[in-house]
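Participant: Here's a structure for you.
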Amino acid sequence: MSTTPKTLTMPVSTSRANPTPSPMKRLTVPRIRQRKGGEPLVMLTAYTVRMAQIMDPHCDMLLVGDSLGQVIYGLPHTVAVTMEMMAAHGAAVVRGSYHAAVIVDMPFGSYEASPELAFANAARLLKETGAAGVKLEGGKVMAPTVEFLTSRGIPVMAHVGLTPQAVNILGGYGVRGKADAEAKTIVEDAIALSNAGAFAMVIEGVMEPIAIEITQKVACPTIGIGASAQCDGQVLVTEDMLGLFERTPKFVKRYGAMSEMVEGAVVHYADEVRSRAFPGPEQIYTTGQ
Ligand code: KIV
């Protein structure tokens, strides 16, 4: 059961810090950090304004994930996702939300080459979307970049374990950390990123003990996906948990049957168009109405 009221209150007071009427106070990065070890953080992906509106009252964070490459654009993986896609969808999600902190993924190629490149692209995403922070994938090699961005005013969510942008190196999306050496590396990655100033961290697709150890050892909240219920929060790709796709990975729980619902409605509509049952008298403009 969500504890957040569904009806949003809309105070319209202004100040110099908030010169335009702000419907309600959004969760901030410091407040998210304070949730370490407290009430679990609820995060879901969002890519469009209407979905953001529906999910916003119930989520602490909305992630404009680069998974939009697959979910929205039908790409085989996230490698081809562009800054333009992230900026456009990030802005839409910010427009559709009042309460959740919106975090935008940095796409592959926009941050790895240098901290300076990462800063330019992260700043662009924050300016063009109004999001609260960015997320980037990678282990300890990204720690200097996280430190560079954080110390210059850009909140960074890290992402360790299975990092989908590295699919061409990893060769697939299998669970990480089965071997002791890899498990140790993932824990070290997480500690380095947290020490570098990451305000939160996604742990994706790892053996559960790794997620538990990281959660105990790092200062920032951990957000699990295919990780552990002991993480400080959870995230899923919304369309996965709504049941939009036929194949559901092991770590996804289906909370809806969206593809069946959509197909049922479309079949019904198609039948009614073909039988001329739609439009009916209620949907027709006649004189005097
Ligand atoms: O792109 C995405 O949706 C993500 C989540 C799966 C964490 O990174």
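Participant: Looking at region 201-224, which of the residues that are on the phi < 0 side of the Ramachandran plot, within 16 Å of the chain's Cα centre (by Cα) and not acidic (Asp, Glu) is nearest to the ligand (Cβ to nearest atom)?
Facilitator: Restricting to residues being on the phi < 0 side of the Ramachandran plot, within 16 Å of the chain's Cα centre (by Cα) and not acidic (Asp, Glu), the top hit is Val202.
Participant: Still on this structure, please answer the following. Within the set of pairs 6 or more residues apart or between chains, which connect a residue that is on the phi > 0 side of the Ramachandran plot inside region 136-150 to a residue that is of a type in the set (D, E, K, R) and in a helix (DSSP H, G or I) with Cβ atoms less than 8 Å apart?
Facilitator: Qualifying pairs under 8 Å: Gly138/Asp189.
Participant: Go through region 124-135 and count every residue that is open to solvent by 10 Å² or more (accessible area, probe 1.4 Å), within 16 Å of the ligand (Cβ to nearest atom) and without any contact (Cβ under 8 Å) to a residue 40 or more places away in the chain.
Facilitator: 0
Participant: Can you work out which of the residues in region 79-123 that are more than 14 Å from the chain's Cα centre (by Cα) and of a type in the set (S, T, N, Q) is most open to solvent (accessible area, probe 1.4 Å)?
Facilitator: Thr82
Participant: Which count do you get for residues in region 152-174 that are more than 20 Å from the chain's Cα centre (by Cα) and assigned to a loop (DSSP other than H, G, I, E, B)?
Facilitator: Selection size over region 152-174: 5.
Participant: Looking at this structure, is Val93 in a strand (DSSP E or B), among the aliphatic types (A, V, I, L, M) and touching a Leu at 6+ places or on another chain (Cβ under 7 Å)?
Facilitator: For Val93, the condition - in a strand (DSSP E or B), among the aliphatic types (A, V, I, L, M) and touching a Leu at 6+ places or on another chain (Cβ under 7 Å) - is not met.
Participant: Look through region 174-206, keep the residues that are basic (Lys, Arg) and touching a residue at least 24 places away in the same chain (Cβ under 8 Å), and return whichever of them is nearest to Gly138 (Cα to Cα).
Facilitator: Step by step, filter region 174-206, then rank; the result is Arg176.
Participant: To continue, here is another question. Can you find a residue that is within 16 Å of the ligand (Cβ to nearest atom), open to solvent by 70 Å² or more (accessible area, probe 1.4 Å) and under 20 Å from Gly74 (Cα atoms) anywhere in region 234-255?
Facilitator: Yes, region 234-255 has at least one match.
Participant: Please pick out the residue among Ala227, Ala198, Ala190 that is crowded, with 23+ Cβ neighbours inside 10 Å, assigned to a helix (DSSP H, G or I) and within 15 Å of the ligand (Cβ to nearest atom).
Facilitator: One residue alone meets the criteria, Ala190.
Participant: May I pose another question? If Lys25 passes every condition in (1) surrounded by 11 or more Cβ atoms within 10 Å (Cβ to Cβ); (2) charged (D, E, K, R); (3) at pLDDT 95 or above; (4) over 16 Å from Val237 (Cα atoms) but one, which one does it miss?
Facilitator: With (1) surrounded by 11 or more Cβ atoms within 10 Å (Cβ to Cβ); (2) charged (D, E, K, R); (3) at pLDDT 95 or above; (4) over 16 Å from Val237 (Cα atoms) applied to Lys25, the lone miss is (3).
Participant: Restricting attention to region 201-224, which residues are in a helix (DSSP H, G or I) and of a type in the set (A, V, I, L, M, F, W, C)?
Facilitator: Within region 201-224, Ile210, Ala211, Ile212, Ile214 meet the criteria.
The values are calculated or read from the model by the stated rules, or taken from the named source; none is laboratory data. Please read all numbers here as calculations on a predicted model, not as lab measurements. When we count neighbours, we look across all protein chains shown, and the Cβ atoms used for this are built from the backbone with ideal geometry, even at glycine. These area figures cover heavy atoms from the full protein model, side chains too; ligands, DNA and RNA do not enter into them. Shrake-Rupley method; radii C 1.70, N 1.55, O 1.52, S 1.80 Å.
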